[in-house]
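Heads up: the structure comes next, in structure tokens.
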Amino acid sequence: MDFLKRLEKLMARLRSRDGCPWDKKQTHKSLKPYLLEEAHEALEAIDSGDPEHLREELGDLLLQVVFHAQLAKEKGKFDLQDVAKTIGDKLVRRHPHVFGKSSRKISDINKKWEELKRREKPERGSALDGLPKSLPALLRAQRMYEKISKNSPSNQKSVPGKGLKTAWTKFLKNSKSGKLQKEAAAGEFLLAFARYSQNQNLHAEMALRQAASRFEKRFRVAEKNLTHITD
């Protein structure tokens, strides 16, 4: 059985005249929170290391793609096959080192990737265009520096940690200032940390997620032990 085609038909049925009242009233905009939520739940499933959990969450995420494709199909814009064709064509186009005869050196591959992206969307005037504002702030900050480094490598050639140390010193100096000044100093430090992470080939967002997860586990254990003591 073609389960993807079955899913597509199920979604069409839910949106039909005799379908589900909730599904029928949804729009691209009304579904935005669910798309974001399902993406985050898929991330948590990856962190859990449980393949069954990941399979379920990827299914929920896929449903969002199918849902949006169905909405577009009803308006005569595109359908799920168009979505699959577009990304399939892009994969072939962006990987000439696999589907063509381009160099397979990592440095050449990255350079070619950015060149192809610029060709596809020449109207973009900045290296930072196309970066979603809805990304988590730390992730977006690092992606900014990643894009800058790919387009202007010389901008990233600084002493490792120098900017981070300077931002931290400024943050400490503003520790007794007003809230706005402290927030600005904290923001500059986090921005410097994002740049440092990019320079060191670290993923700041994932590092923070993992650290927070470890802290949560330790806290829950301590919380449970404290409860047993007070009982």
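Using Cβ point charges alone (K and R +1, D and E -1), the dipole size of the range 1-123 about the Cα centre works out to roughly 1000 debye. Counting only aspartates and glutamates at least 8 places from Lys73 when in the same chain, those with an alpha carbon closer than 16 Å to its own are Glu8, Asp23, Asp82. A crude spin-label estimate for the pair Lys75 and Leu190, with each label 7 Å from Cα along the Cβ direction, gives 3.3 nm. Dipole magnitude for the range 170-231: computed about the Cα centre from +1 point charges on Lys and Arg Cβ and -1 point charges on Asp and Glu Cβ, it is near 180 debye.
Per-residue Cβ neighbour counts within 10 Å put His68, His40 in the sequence His40, His68, beginning with the fewest. By definition, a body whose alpha carbon gyration tensor gives a ≥ b ≥ c is oblate when a/c is 1.5 or more and a/b is not larger than b/c, and the chain fits this oblate description. Cβ crowding within 10 Å ranks Ser213, Ser134 as Ser134, Ser213, fewest other Cβ atoms first.
Among Ser197, Ser107, Ser149, the largest mean-square fluctuation in a Gaussian network model of the chain (Cα springs under 10 Å) belongs to Ser107. Comparing Lys162, Lys217, Lys147 in a Gaussian network model of the chain, where Cα atoms under 10 Å apart are tied by springs, the biggest mean-square fluctuation is seen for Lys217. Comparing Phe171, Phe99, Phe219 in a Gaussian network model of the chain, where Cα atoms under 10 Å apart are tied by springs, the biggest mean-square fluctuation is seen for Phe219. Distance cut-off 25 Å, Cα to Cα: go down the list Lys29/Lys117; Lys9/Lys32; Lys32/Lys112; Lys9/Lys77; Lys133/Lys182; Lys85/Lys112 and report the pairs above it. Cα-Cα > 25 Å for Lys29/Lys117; Lys32/Lys112; rest within. Estimated at 0.36 nm per residue, the fully extended path between Leu62 and Lys24 surpasses their Cα-Cα distance by 11.8 nm.
Given the C-alpha centroids of the range 188-223 and the range 13-55, what is the distance between them in whole angstrom? Rounded to whole Å, the Cα centres lie 27 Å apart. With a Förster radius of 45 Å applied to the C-beta separation of Glu115 and Leu180, the computed FRET efficiency comes to 0.60. A Förster distance of 25 Å, applied to the separation of the beta-carbon atoms of Asn225 and His40, puts the FRET efficiency at 0.25. The slack between Arg93 and Ser48, meaning 0.36 nm per residue of separation minus the straight C-alpha distance, is 12.8 nm.
Readers should treat all values here as calculations from the given coordinates under stated rules, not as data from a laboratory. Keep in mind that what you see is a predicted model, and the values were worked out from it rather than measured. Positions of Cβ are generated from backbone atoms using ideal geometry, with glycine treated the same way; all protein chains shown enter the neighbour counts.
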